[in-house]
Amino acid sequence: MTCRVESVSHTNCVVIQKGHVLFGDGLFDIPSTKTVQDRITSNLLPHQEKFCDDTEHRKLALVCGFGAGKTYALVSKSFMLAAMNVGHISAVFEPTSPMLRDILMRTMNDLLEEWEIPYTFRASPLPEYVLSFQEGTHTILLRTILTYQRLRGQNLCAVGFDEADTVNKRDAEQAMNMALARLRSGNVQQFYATTTPEGHSWAFETFEKNAKEDTRLIKAKTSDNPYLPEGFIDSLLENYPPQLIQAYLNGNFTNLTTGAVYSRFDRTKHVINKLHFDPVHEILKVGIDFNVMNCNCVIGVQEGEKLYIIDEISKQKDTDALAQELRRRYPSNKILIYPDASGSARSTINASKTDIAILESYGFTSMALRSNPPIKDRVATVQAMLENSKGRVRMEIHASCRRLIECLELQSYDERTGDPDKQNGYDHMNDALGYLIYREFNMVYSRAGARTGIRIY
């Protein structure tokens with residue numbers, strides 16, 4: 001059994017004699033650092049083992065596809081370095097606070113208990129773990145990448161980054177440089193990172209293009225993890241276009257940020273003249289993008305795994321005007337709305353009612369997410385509906401949706417930022433489509449069982 005105390009102090013877990021810890025009514029063994037290392041290495045996949053065993057390179061990265069066990073490897077590496085650096089401090093970073101809470105901390109808690117490492121946890125003012133070994137303790141600080149300035153003044157032995165390619169390349173670079181400057185203590189000093197490749201971004205620049213002698217890159221494919229749920233790889237093939245499969249399944253660096261955003265769109269494949277629509281009984285699914293003086297929506301019907309976009313409403317002055325026009329055109333149909341999640345917090349009209357509340361007042365049913373998905377995930381899901389890696393087309397658009405067709409054809413990437421361009425006005429209709437498709441047809445992250453679950457990241 002693992003000793004775990006969630007408290008602002010570290011005094012509740014009391015060592016009463018050498019090699020044992022008192023917790024509640026029980027007396028439990030404290031493992032040696034060698035015991036912990038043996039427990040960790042006994043359960044690693046080959047690419048995870050390479051990552052955890054490397055203590056020679058100052059900068060180390062594991063880049064691999066979805067489900068290859070990145071986070072499992074990162075946490076394993078963090079505990080290995082903790083055992084090698086008793087009496088010192090390390091840090092582990094996630095891109096966002098929700099990822100820190102929902103992915104990293106969950107995995108750390110699972111593995112601390114699985115490997116029977118006594119620990120205490122402090123949630124505030126900033127989260128940290130203190131791990132106990134027979135030889136002493138080790139503190140692991142948990143932070144978000146964009147708060148890297150909080151490392152200033154710290155003397156650390158190791159710093160880990162998870163999913164670093166999901167943040168801006170410049171921010172990741174600055175955070176790494178700050179981390180390297182803090183590596184001043186311990187027996188093994190190392191910066192280590194795990195990520196899924198996001199084009200020619202930070203990981204590519206640091207560990208492949210500009211790699212130095214003190215740098216090592218380890219790659220792995222999704223298929224290198226034999227513990228994945230049945231059908232997981234097939235679900236990726238169903239839900240991603242070929243370009244992203246190279247990155248998200250094979251773990252390769254591919255160009256994801258040049259040319260047309262929706263490169264899979266083809267008028268000959270996706271534009272139709274026949275309406276798939278019951279004017280009275282059909283349930284309509286409406287994606288909505290809110291903007292002052294420029295509210296837009298796309299109107300679709302779903303048949304099995306296919307989506308038919310039958311209509312559009314563009315450039316309405318506010319949410320109320322959009323809702324009126326939508327109800328005028330479809331007075332009898334049940335309407336499900338898939339809006340920009342920011343509409344739950346503000347209004348394009350006034351401060352008394354949110355945009356989503358206005359839409360609901362017209363009898364529409366909100367299917368809004370609590371927060372908007374990352375732009376790249378929305379784009380990937382739309383691309384996969386246009387044509388997935390198996391060559392399946394699952395979306396068709398009626399020819400009357402001229403503005404949507406124009407936007408799908410013309411929106412390109414901003415060369416300065418690498419993000420879809422928002423300066424030329426082609427983004428609003430595409431965003432409306434993306435909110436709908438992501439909510440109804442988003443990629444599947446399967447989790448089945450404890451062993452599979454911790455290896456899925």
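From the list 124, 201, 185, pick out the single residue that is farther than 17 Å from residue 57 by Cβ and in contact with a Cys (Cβ under 7 Å, 6 or more places away or on another chain).
185
In segment 43-89, which residue that is polar (S, T, N, Q) and in contact with a helix residue (DSSP H, G or I) (Cβ under 6 Å, 6 or more places away or on another chain) is farthest from residue 251 (Cα to Cα)?
Ranking the qualifying residues of segment 43-89, first place goes to 76.
Identify, by number, the condition in (1) over 24 Å from the mean Cα position of the chain (by Cα); (2) without any contact (Cβ under 8 Å) to a residue 60 or more places away in the chain; (3) over 14 Å from residue 61 (Cα atoms) that residue 145 doesn't meet.
With respect to (1) over 24 Å from the mean Cα position of the chain (by Cα); (2) without any contact (Cβ under 8 Å) to a residue 60 or more places away in the chain; (3) over 14 Å from residue 61 (Cα atoms), residue 145 is out only on (1).
Just a yes or no: is a residue in segment 161-172 assigned by TED's automatic domain parsing to the domain that holds residue 55 and assigned to a strand (DSSP E or B)?
The answer is yes; a qualifying residue exists.
Picking from 169, 70, which residue would you name as being modelled with pLDDT under 90 and either closer than 30 Å to residue 240 by Cβ or within 17 Å of the chain's Cα centre (by Cα) (or both)?
169
Any residue at all in segment 194-207 that's surrounded by 17 or more Cβ atoms within 10 Å (Cβ to Cβ), more than 19 Å from the chain's Cα centre (by Cα) and closer than 23 Å to residue 34 by Cα?
The answer is no, given that none of the residues of segment 194-207 is surrounded by 17 or more Cβ atoms within 10 Å (Cβ to Cβ), more than 19 Å from the chain's Cα centre (by Cα) and closer than 23 Å to residue 34 by Cα.
Taking segment 46-74 only, how many residues are among the hydrophobic types (A, V, I, L, M, F, W, C) and out of contact with any strand residue (DSSP E or B) (no Cβ under 8 Å at 6 or more places or on another chain)?
2
Within segment 116-134, can one find any residue that is touching a residue at least 12 places away in the same chain (Cβ under 8 Å), farther than 18 Å from residue 85 by Cβ, surrounded by 23 or more Cβ atoms within 10 Å (Cβ to Cβ) and among the small types (Gly, Ala, Ser)?
Taking every residue of segment 116-134 in turn, none turns out to be touching a residue at least 12 places away in the same chain (Cβ under 8 Å), farther than 18 Å from residue 85 by Cβ, surrounded by 23 or more Cβ atoms within 10 Å (Cβ to Cβ) and among the small types (Gly, Ala, Ser).
Suppose we filter segment 14-49 for residues that are outside any loop (DSSP other than H, G, I, E, B), at pLDDT 80 or above and exposed (fewer than 15 other Cβ atoms within 10 Å of the Cβ); how many remain?
4
Given the options 153, 186, name the one that is assigned to a loop (DSSP other than H, G, I, E, B) and without any contact (Cβ under 8 Å) to a residue 12 or more places away in the chain.
153
Does segment 389-411 contain any residue that is surrounded by fewer than 21 Cβ atoms within 10 Å (Cβ to Cβ), closer than 18 Å to residue 297 by Cα and of a type in the set (Val, Ile, Thr)?
Yes, segment 389-411 contains at least one residue that is surrounded by fewer than 21 Cβ atoms within 10 Å (Cβ to Cβ), closer than 18 Å to residue 297 by Cα and of a type in the set (Val, Ile, Thr).
Here is a yes/no grid of residues against (1) in the same structural domain as residue 195 (by TED's automatic domain parsing); (2) part of a strand (DSSP E or B); (3) at pLDDT 95 or above:
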residue	(1), (2), (3)
51	yes, no, yes
62	yes, yes, yes
79	yes, no, yes
82	yes, no, yes
90	yes, yes, yes
100	yes, no, no
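Can we say residue 55 is part of a loop (DSSP other than H, G, I, E, B), among the hydroxyl-bearing types (Ser, Thr, Tyr) and surrounded by fewer than 23 Cβ atoms within 10 Å (Cβ to Cβ)?
Spelling it out, residue 55 is indeed part of a loop (DSSP other than H, G, I, E, B), among the hydroxyl-bearing types (Ser, Thr, Tyr) and surrounded by fewer than 23 Cβ atoms within 10 Å (Cβ to Cβ).
Only residues that are at pLDDT 85 or above and assigned to a loop (DSSP other than H, G, I, E, B): list them for segment 253-267, please.
261, 262, 263, 264, 265, 266
Is it true that residue 180 is farther than 20 Å from residue 217 by Cα, in contact (Cβ under 8 Å) with a residue 24 or more places away in the chain and not small (Gly, Ala, Ser)?
Judged against the criteria, residue 180 is not a match.
Of 342, 371, which residue is assigned to a helix (DSSP H, G or I) and among the hydroxyl-bearing types (Ser, Thr, Tyr)?
342
Exactly one condition in (1) modelled with pLDDT of 95 or more; (2) crowded, with 20+ Cβ neighbours inside 10 Å is not met by residue 381; state its number.
Answer for residue 381: the failing condition is (1).
Looking at the structure I just gave you, is residue 452 of a type in the set (S, T, N, Q), modelled with pLDDT under 85 and buried (at least 16 other Cβ atoms within 10 Å of the Cβ)?
Against the criterion (of a type in the set (S, T, N, Q), modelled with pLDDT under 85 and buried (at least 16 other Cβ atoms within 10 Å of the Cβ)), residue 452 qualifies.
Taking into account only those residues within segment 64-76 that are in contact with a Ser or Thr (Cβ under 8 Å, 6 or more places away or on another chain) and assigned to a helix (DSSP H, G or I), which is farthest from residue 223 (Cα to Cα)?
If we take residues in segment 64-76 being in contact with a Ser or Thr (Cβ under 8 Å, 6 or more places away or on another chain) and assigned to a helix (DSSP H, G or I), then 75 is farthest from residue 223 (Cα to Cα).
The values are calculated or read from the model by the stated rules, or taken from the named source; none is laboratory data. Every value quoted in this text rests on a predicted model; they were computed, and no experiment measured them. Glycine gets a Cβ as well: all are built from the backbone with ideal geometry, and neighbour counts include every protein chain shown.
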